[in-house]
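Before any comments, here is the structure.
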Amino acid sequence: MDLKKTINIFEPVKKSKGAEVTISSDSGRKTFHLPRPSSQIEKPPLAIESFAIDPDHYYELMKKVEAICCGLK
């Protein structure tokens, strides 16, 4: 298991693309763009403790994080 990884995130160069993410390790590097949100219907989450927000909303946010993380494997 490679535990020495570096993750860099950059602002997108083109308006049509989302943030650029680069993951690098001793064995290689992978760069990809996150999808740009299609609309601003949902407010971005705040950087607060989990107990400070509605538990159902927190659960939905964590499901989204899990979907993103599982997609990187």
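The values are calculated or read from the model by the stated rules, or taken from the named source; none is laboratory data. This structure is a prediction, so every number in the text was calculated from the model and none was measured. FYI the Cβ positions are ideal-geometry reconstructions off the backbone, even for glycines, and counts take in every protein chain you see.
Just so you know, in region 52-71 the residues that are assigned to a helix (DSSP H, G or I) and among the β-branched types (Val, Ile, Thr) include one that is nearest to residue 34 (Cα to Cα), and it is 68.
Can you confirm whether region 37-54 contains a residue that is modelled with pLDDT of 85 or more and surrounded by fewer than 11 Cβ atoms within 10 Å (Cβ to Cβ)?
Taking region 37-54 first, the residues modelled with pLDDT of 85 or more are none.
No, because not a single residue in region 37-54 is modelled with pLDDT of 85 or more and surrounded by fewer than 11 Cβ atoms within 10 Å (Cβ to Cβ).
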